[in-house]
Amino acid sequence: KGNVALFGVLVNAILSSYIAIPALLGKSFEQSFYGGSVFGQIVIRVDALSGWFILLMNFTMLTGILYGRRYMKQYEDASGRSSSNSVNLTLHFASYILNHFAMLGIYCAWNSLVFLCVWELMALTSFVLIIFEHGKFEVLKAGINYLIQSHIGIMFMTLGFIWVSSFAGSFDFSAITKYTASVSPAVSFILF
């Protein structure tokens, strides 16, 4: 399971680095597609700043999975005795891959609805990673604390995006620039 997770993280890292390295060198990437009546136009954009963060995230996730594969070996050995440990390992490694994907999406998505979706995916997969040893009260308490705090933040971001899009008429991140050019950004600053 750890090797499959390593492969998934490697695929994510290679594909995203293929876009991030040229962006870091000044050749930005942009792809746009129609997301239906709900999402509207979805822009995926990688500039030098997001390219830098993508490369940092890839390094962090790669070193994390290399360490984590060995660390989780003790649970993998115990999974032969308990089917719940096997399920926990599968869920853990799947969450790790999805968390990496969501973090990459946070750096690339220029549509506020898509951004909120990948942020929510990142929050939920982080929660699953946190509560791996959910049999311990302290671990479960920390996970629920994280989940509550992250969703309070998501609520404020959602309100901020709704506030901006109601004035600018778009869910694209460029609407934030339009909004701040015509309206005092104090309310959106506080919400974001």
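Rundown of residues vs (1) in contact with a Gly (Cβ under 8 Å, 6 or more places away or on another chain); (2) open to solvent by 70 Å² or more (accessible area, probe 1.4 Å); (3) within 26 Å of residue 131 (Cβ to Cβ), yes/no style:
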{"site": "44", "(1), (2), (3)": "no, no, no"}
{"site": "51", "(1), (2), (3)": "no, no, no"}
{"site": "55", "(1), (2), (3)": "no, no, no"}
{"site": "59", "(1), (2), (3)": "no, yes, yes"}
{"site": "68", "(1), (2), (3)": "yes, no, yes"}
{"site": "101", "(1), (2), (3)": "no, yes, yes"}
{"site": "104", "(1), (2), (3)": "no, no, yes"}
{"site": "109", "(1), (2), (3)": "no, no, no"}
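Each residue in the range 26-42 was checked for being open to solvent by 70 Å² or more (accessible area, probe 1.4 Å), in contact (Cβ under 8 Å) with a residue 12 or more places away in the chain and in a loop (DSSP other than H, G, I, E, B), and 1 pass.
Just checking, which of 170, 174 is over 16 Å from the mean Cα position of the chain (by Cα) and farther than 22 Å from residue 53 by Cβ?
Numbers: 174 fails: farther than 22 Å from residue 53 by Cβ.
When all the criteria are applied, what remains is 170.
Cβ-Cβ contacts under 8 Å between residues 6 or more apart (or on different chains), taken from a first residue in the range 121-144 that is of a type in the set (Gly, Ala, Ser) to a second residue that is open to solvent by 80 Å² or more (accessible area, probe 1.4 Å), are listed as 143/134.
Residues of the range 147-192 that are open to solvent by less than 60 Å² (accessible area, probe 1.4 Å) and modelled with pLDDT of 85 or more: 147, 150, 153, 154, 157, 158, 160, 161.
Among the residues making up the range 112-127, a single one is over 11 Å from the mean Cα position of the chain (by Cα) and modelled with pLDDT of 95 or more: 127. Enumerate the pairs (first residue in the range 57-70 and closer than 24 Å to residue 46 by Cα and touching a residue at least 12 places away in the same chain (Cβ under 8 Å); second residue anywhere and in a helix (DSSP H, G or I) and among the hydroxyl-bearing types (Ser, Thr, Tyr)) with beta-carbon separation below 9 Å, excluding pairs fewer than 6 apart on the same chain, so at least 6 apart or on different chains. These pairs meet every condition: 57/16; 57/107; 58/16; 58/17; 61/96; 64/96. Could you run through the range 111-145 and say how many residues are under 19 Å from residue 58 (Cα atoms) and open to solvent by 30 Å² or more (accessible area, probe 1.4 Å)? Qualifying residue count for the region: 3.
The values are calculated or read from the model by the stated rules, or taken from the named source; none is laboratory data. Treat the numbers as computed from the prediction; the structure is a model and nothing was measured. As a convention, Cβ positions derive from the backbone with ideal geometry for all residues, glycine included, and neighbour counts pool all protein chains shown. Areas reflect the complete protein model, heavy atoms only, side chains present, ligands, DNA and RNA absent. Shrake-Rupley method; radii C 1.70, N 1.55, O 1.52, S 1.80 Å.
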